[in-house]
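The values are calculated or read from the model by the stated rules, or taken from the named source; none is laboratory data. Please read these numbers as outputs of a predicted model, since none were measured by experiment. Please note: Cβ atoms are built from the backbone with ideal geometry, for glycine as well, and neighbour counts cover all protein chains shown. Only protein heavy atoms, including side chains, enter the accessible area calculation; ligands, DNA and RNA are left aside. Shrake-Rupley method; radii C 1.70, N 1.55, O 1.52, S 1.80 Å.
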Amino acid sequence: MKFIRALYIHSRLYLAATCIVSLYVCGSFIPVVYKLANFLLLTLVLLSFIDLFLLFLPKKSVQAERLCPEKLSNGDQNTIEIDVKSQYGFPINLTIVDEIPIQFQIRDLSFDLSIPPGQTRRIKYQLRPITRGEYHFGVINLFVRTPLGLFIRRFKTKQEQIIPVYPSFIQMHQYELLAISNRLNEAGIKKIRRIGHQMEFDQIREYVRGDDYRTINWKATARKSQLMVNQFQDEKSQEVYCLIDMGRSMKMPFNGMSLLDYAINATLVIANTANQKQDKAGLITFSKEIQATVPANSQRPHILKIMQVLYNQSTNFQEPNFELLYGTVKRKIRQRSLLLLFTNFESLDSMKRQLPYLQGLARNHLLVVVFFSNSEIPKLLKGNSKNIEDIYIKTIGEKFIYDKKQIVHELEKNGIHAVLTKPEHLTINTLNKYLELKARGLI
């Protein structure tokens, strides 16, 4: 039974058999053709036995191993590799079908390659997950053919794996490397002119040409008999909290991912950047109830803790409770902090309902409200209107765009910073705002 389950007939054999049958039909009228059909049938049977013998004689003829990372990065291209080793003594043709997780909804992923005798080949492909959670990889199916190619032997490599998909740590590491090498502008981060002096004293050092004369320490200069200056540095240990709305409005999809996942990916980058700047990063997620709270901390393992908390967050399709958020922040965050609130207001009225709680947060902290513009609406506004329905659609689209601008104006009028961004630019725009506020000395 195992032999039958592993054996497949190639279309080449069907074609050869069809041709021989046709020759037999013609041979009924032409004797020479009948003899040719007998010879070809004998040859086909002989080649079939040889092909079966070459395919099934070795017990372990092909081995495959899937090389996956320990975890996948959500929203990014993740590389999966498969190593295939042939133990046949002759070249083989191979088709690889990998059973990838059902979340990708890809049913035609296959690879064709040729392997010389005793050699190993590696194939690579990429997967882009769009939701967090556990992804189940199944077996690797190998379909082997000899150079004759009449039959196909199937091998199954039982390498089932469950791999978690975490928030975008690939994006986090990219920004981390750019920050370390001072090349953040390559990712779209603006260079912001620092206003005034850095406030935190670092050390007294010798004067170097180009130093600001206003930083000369005259007492130290008198003692050392040479010019000495005070050196300052960025203020450290400022608390930066990301507040993530887990309500139903954050479930809106864009490019396959929900707005919530975009906010989670941006939160991980902001927390890691704050850690690089020696600030303390914290987290609060909320909907109708407070989902998770991570106190601000600047230690390196703290980023892994935030990543683990973000991995388990999901929306429950309820309305967010901003009153509860205000009470939680007032009770748990005593020090003046930067609060980055990721939410989504679709209308001016929906924002005004929450405005008293936003004003309360802004009284004791530096509040930045980050919400999303609908990038599909401008596409509807292009082109000419052909009927009344088109006019209605464009009018409503214009109203949505106007409301978003009014929300920004209303927030800034109440002393609340606002970032209106497309989902794909969320990380860059939020990071720009954080660095801008830090450069201006507001935190």
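Brief remarks on what is shown
- For LYS332, the aspartates and glutamates whose Cα comes closer than 20 Å to its Cα, not counting residues fewer than 8 places off in the same chain, are GLU239, ASP245, ASP279, GLU289, GLU323.
- Space enclosed by the convex hull of the alpha-carbon atoms of segment 102-151, per residue, Å³: 119
- Global form of segment 33-156, assessed from the alpha-carbon gyration tensor, a/c cut-off 1.5: prolate
- Contour minus Cα-Cα distance for GLU376 and ARG154 (0.36 nm per residue): 75.2 nm
- Listed pairs LYS386/LYS422; LYS71/LYS156; LYS280/LYS422; LYS277/LYS433 exceeding 19 Å between Cα atoms: LYS386/LYS422; LYS71/LYS156; LYS280/LYS422
- For segment 297-437, pairs of C-alpha atoms spaced more than 17 angstrom apart make up 69 percent of the total.
- Charge sum, other residues only, whose C-beta stays under 11 Å from GLY282's C-beta, Lys/Arg counted +1 and Asp/Glu -1: +1
- Most simply put, segment 234-306 has about 50% antiparallel DSSP beta bridges, counting only bridges with both residues inside it.
- Restricting segment 364-398 to GluC sites (Glu not before Pro) in coil, as DSSP defines it, with at most 13 other Cβ within 10 Å: GLU376
- Taking only the Cα atoms of the chain, the radius of gyration and Dmax are 32.8, 122 Å.
- Amide H partners (placed H, <5 Å) of PHE317, local residues excluded: ARG248
- Helical runs assigned H by DSSP (4 residues or longer) give the chain a calculated mean residue ellipticity at 222 nm of -12500 deg cm²/dmol, each run adding -39500 (n - 2.57) before division by the residue total.
- Calculated from backbone phi, Karplus (6.51, -1.76, 1.60) coupling profile of segment 158-165 in Hz, x at Gly/Pro: 7, 10, 6, 9, 10, 10, x, 10
- Once backbone amide H atoms are built at 1.01 Å from N, HIS417 has LEU367, VAL369 as its partners under 5 Å, excluding neighbours fewer than 5 places away on the same chain.
- About its Cα centre, the dipole of segment 358-443 is roughly 200 debye, where the only charges are +1 on Lys and Arg Cβ and -1 on Asp and Glu Cβ.
- Across the protein chains, with a 1.4 Å probe defining accessible surface, the residues GLU160, GLU65, GLU346 rank GLU160, GLU65, GLU346 from largest area downward.
- THR293-ARG214 FRET efficiency (beta carbon distance; Förster radius 60 Å; 0.05 resolution): 0.85
- Sites listed here are chymotrypsin sites (Phe, Trp or Tyr not before Pro) in segment 270-361 whose DSSP assignment is loop and whose Cβ has at most 14 other Cβ atoms within 10 Å: PHE317.
- Span-like helix criteria (full DSSP H runs; alpha carbon extent of at least 30 Å along the helix axis; mean Kyte-Doolittle hydropathy of at least 0.5) are satisfied in the chain by 31-56.
- Calculated from backbone phi, Karplus (6.51, -1.76, 1.60) coupling profile of segment 90-99 in Hz, x at Gly/Pro: 8, x, 10, 9, 9, 10, 10, 10, 9, 8
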